[in-house]
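Colleague: Next up is a structure, given as structure tokens.
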Amino acid sequence: MAKKDSSLQAAKGPIRWMAGHSVTANLLMLVLLVGGFYSGLRIKQEVFPEFELDMVTLTVPYPGASPQEVERGILLAIEEAVEGLEGIEKVTSRASEGAGTVTVEMLEGEDIQRLGQDIKSEIDRISSFPEEAEDPQVTIVARKRFVVSLALYGDQDERVLREFAEHVRERLLQAPEITQVSLSSVRNFEISIEVAQNTLRAYNLTLNEIAQRIRQASVELPAGAIKTDGGDILVRMKERRDFGREFGQLPIITTSDGTQLLLEDIATIKDGFEETDHLSTYNGQPAVLIEVYRIGEQTPLTVSNAVRRIVTELNQTLPDGLSIDVRNDRSEIYQQRLNLMLKNGFLGLGLVFILLALFLEPRLAFWVSLGIPRSFLGSLLFLPLVGASINMVSLFAFIVTLGIVVDDAIVVGENVFYHRQQNMPWFQAAVTGAREIAVPVTFSVLTNMVAFMPMFFIPGIMGKVFIQIPVVVISVFSISLVESLFILPAHLGHQKVRTAYGVFAWLEKKQQRFSRAFLNSIDRYYRP
């Protein structure tokens, strides 16, 4: 009567139904494996998670001013203007020689574009800035996804370095894998025009008059269109000047007889760079840094490989005295973290299979070990749906789950094996073993999930980074729970008693001998 009641109890419930419908279990397994593998090939890959910084910066150049003068004349006025705006969490100011910077951090959930417009409106109302201060620059901080930094260096003139850096930049942008490249640690181009005071007096001129003449002449403006029978003719003023020699041909004075006094006749014109206190060197030589970023669906590895391929080609064509090196490649740390996860995954898979095959049974060990790839690949199927990606943080979360994810499958498999040792048929052992252990396994997995849930509520930028950890952990644990309670019993329950031959028979005999000896030692020495 007890056996009959037990059998009737095992004949109900989702575990029994799933174990009895192996096709459904196999289809679910294929969806997790194949779908996860396909999603893993297409999921976004990045070094660090993508997120908005929620910050607005205000920069006001004040040439020649000390930090104290910048604080009194610039920063205090800005702080007073913006502190009353809604949506601001913190305001940070920094005074340096010749400029002041204010960083405004936004409260979570506010509109950064609206806040930027409100800040700009308040700054435009300030009338107490010193006359020498330049116009404020209001910028919404955007975070670029940096991948590789290159250094073009050599004992060459700065203009030569800049020209070849532009050539390298254009060559990089020609690669289909690269979309965004910028130059850093370079001075902006500047054309200096110097007129001696005696010359100004001789021609009855002032610097303001010359500057106004330059502004009026160096323009490029549309002037509408002229309608004709053959179509519209676009009219455009094209007087833009980009080089010193072009400004030199600008007439400053024109007499009644047509004689012109050109700018180059009275001024010293130089094509050069703006004056700064910064200097870039690499290996002790002047250098220009070239930074490469990834955008959209580009991956750090594809961008890095393309950059290294082009660097190899450029080093063969650059003139003597110039070289280009890869200075910083973040894809390397991404690749190292990915390799660490794969190495630990294969190591864990092998150890689980060997130990379970040694102490339990090889077939059972095989299906239990598959819990690792099924859980990991299955989670990749759902991560894109919640905005997660493969990055340094999510890979760390995968590594954390490696030591936990297979525990529930081991517990279920061991309990099924125990009932199998009681001479139960495989199907009944699988259903009974899974049902007995379902509640503790479920609460064990839920406990692990709850331990990571507080990371959902970390505020600020750190919260935007660390939210990837609970997302990955909960998705992996959820798939692992479904796999151990519904897919694993279906596979174990449909095993048949087979007679091994040849090498497999010898291995099975040795394994059974070891298992019996181990159990006997437990009964004889450990249990007392």
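Colleague: Quick one: which residue in Phe366, Phe359 is free of Cβ contacts under 8 Å to residues at least 24 places away in the same chain and open to solvent by 40 Å² or more (accessible area, probe 1.4 Å)?
Modeller: Phe366
Colleague: Here's a check for you: in the range 291-326, which residue that is within 14 Å of Val181 (Cβ to Cβ) and of a type in the set (D, E, K, R) is most open to solvent (accessible area, probe 1.4 Å)?
Modeller: Glu291
Colleague: Return yes when Gln495 is at pLDDT below 85 and not in a helix (DSSP H, G or I) and no when it is not.
Modeller: So Gln495 passes the test.
Colleague: Moving on to the next point. Mind checking which strands (runs of 3 or more DSSP E) fall wholly inside the range 84-151 and carry at least 1 residues that are open to solvent by 80 Å² or more (accessible area, probe 1.4 Å) and farther than 20 Å from Gly460 by Cβ?
Modeller: Counting at least 1 such residues, we get 137-140.
Colleague: Within the range 374-400, how many residues turn out to be more than 16 Å from Leu41 (Cα to Cα) and open to solvent by 10 Å² or more (accessible area, probe 1.4 Å)?
Modeller: 6
Colleague: Of all residues in the range 397-407, count the ones that are modelled with pLDDT of 85 or more and among the charged types (D, E, K, R).
Modeller: So the count comes out to 0.
Colleague: Which residues, counting only those in the range 33-62, are modelled with pLDDT under 85 and over 17 Å from Thr92 (Cα atoms)?
Modeller: The answer is Phe48, Pro49, Glu50, Phe51, Glu52.
Colleague: Another one. Restricting attention to the range 153-187, which residues are at negative phi, among the polar types (S, T, N, Q) and touching a Ser or Thr at 6+ places or on another chain (Cβ under 9 Å)?
Modeller: The answer is Ser184, and nothing else.
Colleague: Here is a further query. With the condition kept exactly as written, say whether any residue in the range 246-255 is in a loop (DSSP other than H, G, I, E, B), open to solvent by less than 80 Å² (accessible area, probe 1.4 Å) and modelled with pLDDT under 85.
Modeller: Checked against the condition, which is being in a loop (DSSP other than H, G, I, E, B), open to solvent by less than 80 Å² (accessible area, probe 1.4 Å) and modelled with pLDDT under 85, the range 246-255 yields at least one hit.
Colleague: Shifting gears a bit: Just checking, how many residues over the range 358-379 are within 22 Å of Phe518 (Cβ to Cβ) and either assigned to a helix (DSSP H, G or I) or touching a Cys at 6+ places or on another chain (Cβ under 7 Å) (or both)?
Modeller: Matching residues across the range 358-379 total 10.
The values are calculated or read from the model by the stated rules, or taken from the named source; none is laboratory data. Just so it is clear, the structure is predicted and the values come from calculations on it, not from any experiment. FYI the Cβ positions are ideal-geometry reconstructions off the backbone, even for glycines, and counts take in every protein chain you see. The accessibility values were calculated without ligands, DNA or RNA, using every heavy atom of the protein model including side chains. Shrake-Rupley method; radii C 1.70, N 1.55, O 1.52, S 1.80 Å.
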